[in-house]
Structures are given as C-alpha cells and as structure tokens.
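The values are calculated or read from the model by the stated rules, or taken from the named source; none is laboratory data. These numbers come from a predicted model, not from an experiment. Virtual Cβ from ideal backbone geometry, glycine too; neighbours counted across all protein chains shown. Quick note on the areas: whole protein, heavy atoms, side chains included, nothing else; ligands and nucleic acids left out. Shrake-Rupley method; radii C 1.70, N 1.55, O 1.52, S 1.80 Å.
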Amino acid sequence: MPELKLLTKDIDKKDLHKLSVYEETGGYGSLKKLFKKKPDEVIEMVKASGLRGRGGAGFPAGLKWSFLAKDVFPRYLCCNADESEPGTCKDRLLLEKTPHLLIEGMIACAYACKIETGYIYFRGEFQHASDLMDEALKEARAKNYLGKNIMGSGFDFEIHTHLGAGAYICGEESALLNSLEGRRGEPRLKPPFPAVEGLYSKPTVINNVETLCVVPYIINEGPEKYASYGTEKSKGSKLVSVSGHVKKPGNYEIEMGTTVRELIYELAGGIRNDNKLKAYIPGGSSTPMLPADLVDTPYDYESLAAAGSMLGSGALIVIDDQVNIVESTLRLASFYKHESCGKCTPCREGTRWMWQLLDGIHNGEGTNQQVDKLVDICDNISFKSFCPLGDAAVGPVASSIKYFREDYEALLKRNAEGTA
Amino acid sequence: MFEFSPANQKRIPEILAKYPDTQSALLPLLTMAQRQEGYVAPQAMVEIGKILKLSPGYVQSVASFYTMYHMHPTGKYIILFCINISCQLNGADELLAYTASKLNIKVGETTADKKFTLHREECLAACSNAPMMRINDTYHEDLSKEKIDKILDSLD
C-alpha cells in the first residue's frame, strides 16, 4: 500500500490527545535528543531532511528558519492553524487527535530558532480544537515540557492559543500576523518578510501545523531517514485530504510520489457508483484542476507542477462525470469573491466580475465572448494582486476553461437554443 | 449598557497576559462579548475599546472584517451549513434547502421563536466527512435528511 504513516501511526489510538497516552507512544521522546544538540544543528537537520512547508507554498522549512534576522530578539513562532482552503481537513485531524505532537514540534522549532514565545492561530471555527489544545498545553506545562528551564535544559518556551474569527485570508502569513495583532486580517507588503519583521515587528517563524508535526520524527529518526522517503525534491510523507466523489473519503498519509490514481482508486476506494473520473483538484480549491487523463501524475510538488497544477495544502477533490464543471467552478468563484479582503483592486473587482460572468453562464445567459472575457480577467488578476489570494481565485476558473470548455459550451448552446 | 459578567471580567487579565501588546486581545474580547450576549452590540465595542485603549470606531472596523461576529441578535442555535465544493459535490445544496424548509425560514433568517438562525457557510475543514454543518461550536458531519431531523429535533 502507498500509505506511509510517519505522523499518523498512532492517530486512531484512544485518548491520544491526553499526555499520558501520548507518552506511551513515545511522545516527547525527541526532547532529550533535541537538548543535546546546538540550535544551529537542529536547523541543519531540518534542512537536510528536505522538509517543505505543508501549508501550500512548499518552501523548505529549515531554510525558512535560517532566514531569521540575526541577533534580534525577542522572536516569535506562529503556528498557522487557520486551515481554510476548501478541500483541506488534515490539520484539524492532527490538532484534535494529537495536539501534543504539535507542541513537541513547536518546542523543537523554538529551540532551534531561539524563540521563547509561540502562538497557535486557530481559525475561529476551531473552538473545539483550541479547547483541546489548551488542555494539552496545561498538561505539558505541568510536566515542564513548556515553561522555564524545560527539562533542565536552560531553555524557556511558552505557547498560547489564539482564535481568529472567520476570514480565509488569515491563512496568508502576513494577514495572520495582522489578525494576531488585533487588526483587520489584511496582508502586508513583502518585503520585509516575517523572518525579519513579523509579529510585533520582530523576527517570526510561521509554519503550518503539519510541517511542525513532522519535526519530532526528524529529530528522533534523523534527517536521512526522513529524506529516504519520497522523491528527489519532495521528501517524506504527505497527509492528503481526499474528498468529493470517492467511496472512502478521508485523510491519508502517503509517501510523496504516490500517484493520484493510487490515492483515488486504492486508498479512497474509487469513484462513487463506479462512475468515471472527470477531473480532480490536487491541492485544495486554489490549485488548477486537472482532467482524468492526468490521473497517473505522482503526488509530489514537482510532478503536480509539471502537470500544470500544485500540491498546495494537500487536498485532493475528486469530481466524477455526472458534474458540469461550470457548477463547481461557480461555487469556488463565489467563495473567492466572498473571501477577497478588498485591499487591492485586481482581486476585489476581479473575483466579483468572474463570479458575475460565471453566474450568468451557469444560468444560461452566457455567450462565447464572456468565456473569453473570463480568460482575460484571469490574466489580469494573475501576478497583479497584492497577495496570493488573487492567484488562488484564478486557479479553478482558468483551468476549468482550459480543460472543460465543452462544459461551458453546453450551457451556452442551451442558451442559444432557448433564445432561438 | 454593556458589561462583561464577573466571570468574564476575571478572564480579561488572563487574556491580556498572553500578549506583549494589549491590542492582540481585541479578537478574544470580541469573541467573549459575543459568547456572553449572543452578538456584538455597539456598547460592547465601546467597552472593549475602553479596556484596550482603542476608539470604538477602530474596534468596529476590525470587528466588521470578520464573518463570525454577529452585529445583531441571532437565534439560540446558529446553523452554519457548508456549501463549498466538497459538500456541494455531496449534495449540500439539497440538504440546505431541506433544512430551510424544515425550519420554515429562508437561508439567512431566524425562526420566529428565535431558536434557529440558518446561514450558508464556506468551507469548515471537514471535507472528508461532507456534507456537514456547524451548530454553535459543534460539527455535525456525514449529513443526511434523517440525520438532520435527528439533530434538530434533539435541540431544546
């Protein structure tokens, strides 16, 4: 089987969220090894492991840590638990089932980067996960895994939870920082990057939940072991949320490079009612959709990029042949219109315009020129927006026209016949 | 007038202690006010502004950015029905229409007895258990009409 459970080996163990159970599985075992190393050695280990950010951008985690402005303190660690990319539900699994794994990973990151304060930014709807985390933090403090002089190491570190209040854009790292500072969650101009001026204008590491959860494995087993899995540039395992028209939707941890076909047909049990696959969105709603004939694409950063899409946050959305793609695209366009923060014009106006045109086409009021206009608007949003949300909004629209123009034409034809 | 309850008053210093800058407590305090009153009243924003030394206008400008803050009273139970792609592919639109007709309201409305408010919602990160809805803090997943009946009928 293509499953590779490095993070989720014990995820189904009863009460894993409790410290005593987590310790039975070897939890917090990495700390003894951690404190024997120098902080820079830990950064080198994470670099050597090839671990890349699991939030969407896929930036090398160790490299990100090494970019922190030299000798500027205090520094902060923010864990991005604002999981909001449609299709993605893997961080919620980790947060609710194994909160101590995240704490353990954050301790390692903080130690490596000489950080004394960490925040976990939960999306507002994750009240339950945040409550569980508060309990886990209490347990960890009582055992001196957090607090002053952790396990006699001389290292101090504290973690606080923070809940957002409903805004997809706060998953973008600089918008998250604004939100955490009590402001509107609008993105900041970069540079300066958060590693130089982040939270409270101090050097800040921002990592996704899954990224930080990998770190204890790297400390325990060594970076070579982690790097022995996966492909040349996409190392290790990836937690993939599979949803949509599959028989067994769920979160599957696979070795990087497993094919999409294996994910859909072996792990997720195939398509509902044994229908035909029409399209799949590989990495969350913002990643361009791909047609069924690209189902043998390996699930890793490079292969999905070469196929014209992205691995993104690791959310595979499966669409069968009973769907007119315009309907799905309209839904996503509506989402991005709703979530555009309004700060910059291409995104604010472009997402609304795309939705208007799609809505018209879907209602049978569209023309061929309007489909071309959609392509044109996509070009005018791409790389011209203030932050990646604009590009994200373009992903589903542009790819749906590229691969499924016939679905658009079917609706236009209906219109033409209706008005004839 | 708005006042935090004595229990919530006690929590304010704990919340402030998490952050080196008091403004970071803005979202937590807005959330606490909403949990106490069911919505964020203008007076609550004035009060929070006093605590954090921010103008009421500024507090409102931040509060209005976030979709989870209700500026008007809502029903006892707020149903947020996910209609984003994974739920859509699994029949969410039909189930949302079913829920609305069962409650005899339109999406966005509150029942006459002030028990339920029904909203369409974007992705809530439960995609592999679609379709789903969130009622107050609880996620209800793998929904069907029967399951919705059972859940709604069980709420007082």
>> Which residue is nearest to the other protein chains (Cβ to nearest Cβ), if the candidates are limited to the stretch A:328-342 and must be open to solvent by 10 Å² or more (accessible area, probe 1.4 Å) and farther than 13 Å from A:Leu389 by Cβ?
In response: A:Arg331
> When you scan the stretch A:203-213, how many residues do you find that are out of contact with any Phe, Trp or Tyr (no Cβ under 8 Å at 6 or more places or on another chain) and within 14 Å of chain B (Cβ to nearest Cβ)?
Replying inline: 3
> Would you pick out the residues in the stretch B:1-34 that are exposed (fewer than 14 other Cβ atoms within 10 Å of the Cβ), assigned to a helix (DSSP H, G or I) and within 12 Å of chain A (Cβ to nearest Cβ)?
Replying inline: B:Glu14
>> Show me the strands (runs of 3 or more DSSP E) entirely contained within the stretch A:144-254 in which 1 or more residues are without any contact (Cβ under 8 Å) to a residue 40 or more places away in the chain and under 22 Å from A:Leu95 (Cα atoms).
In response: none
>> Step by step: first the residues of the stretch A:78-115, then only those that are in a strand (DSSP E or B) and within 14 Å of chain B (Cβ to nearest Cβ), then the one that is nearest to A:Tyr145 (Cα to Cα). Which residue is that?
In response: A:Cys78
>> Here's a check for you: in the stretch A:164-202, which residue that is charged (D, E, K, R) and within 17 Å of A:Cys79 (Cα to Cα) is nearest to the other protein chains (Cβ to nearest Cβ)?
In response: A:Glu181
> Quick one: how many residues across the stretch B:74-98 are under 18 Å from the mean Cα position of the chain (by Cα) and open to solvent by less than 30 Å² (accessible area, probe 1.4 Å)?
Replying inline: 9
> If you go through the stretch A:135-146, how many residues are more than 11 Å from A:Tyr22 (Cβ to Cβ) and under 29 Å from the mean Cα position of the chain (by Cα)?
Replying inline: 5
>> For the stretch A:156-177: of the residues being buried (at least 20 other Cβ atoms within 10 Å of the Cβ) and either more than 19 Å from the chain's Cα centre (by Cα) or among the hydroxyl-bearing types (Ser, Thr, Tyr) (or both), which is farthest from A:Arg54 (Cα to Cα)?
In response: A:Phe157
> Which number in (1) surrounded by fewer than 20 Cβ atoms within 10 Å (Cβ to Cβ); (2) under 26 Å from the mean Cα position of the chain (by Cα) marks the one condition that A:Lys33 misses?
Replying inline: (2)
> Within the stretch B:88-105, is there a residue that is over 19 Å from B:Ser154 (Cα atoms), touching a residue at least 12 places away in the same chain (Cβ under 8 Å) and in contact with a Gly (Cβ under 8 Å, 6 or more places away or on another chain)?
Replying inline: yes
>> Within the stretch A:296-307, take every residue that is surrounded by fewer than 18 Cβ atoms within 10 Å (Cβ to Cβ) and not in a helix (DSSP H, G or I) and give me the one that is nearest to the other protein chains (Cβ to nearest Cβ).
In response: A:Ala307
> Of the conditions (1) more than 17 Å from A:Ile219 (Cβ to Cβ); (2) small (Gly, Ala, Ser); (3) surrounded by 14 or more Cβ atoms within 10 Å (Cβ to Cβ), A:Ser20 fails just one. Which one is it?
Replying inline: (3)
> Of (1) more than 9 Å from chain A (Cβ to nearest Cβ); (2) touching a residue at least 40 places away in the same chain (Cβ under 8 Å); (3) out of contact with any helix residue (DSSP H, G or I) (no Cβ under 8 Å at 6 or more places or on another chain), B:Met133 satisfies all except one. Which?
Replying inline: (3)
> Is it the case that some residue within the stretch B:44-55 is under 12 Å from the mean Cα position of the chain (by Cα), open to solvent by 30 Å² or more (accessible area, probe 1.4 Å) and either hydroxyl-bearing (Ser, Thr, Tyr) or farther than 30 Å from B:Met132 by Cα (or both)?
Replying inline: no
> Pairs under 7 Å by beta carbon, first residue more than 9 Å from chain B (Cβ to nearest Cβ) and in a helix (DSSP H, G or I) in the stretch A:120-135, partner of a type in the set (A, V, I, L, M) and open to solvent by 10 Å² or more (accessible area, probe 1.4 Å), six or more apart or different chains?
Replying inline: A:Ser130/A:Leu163
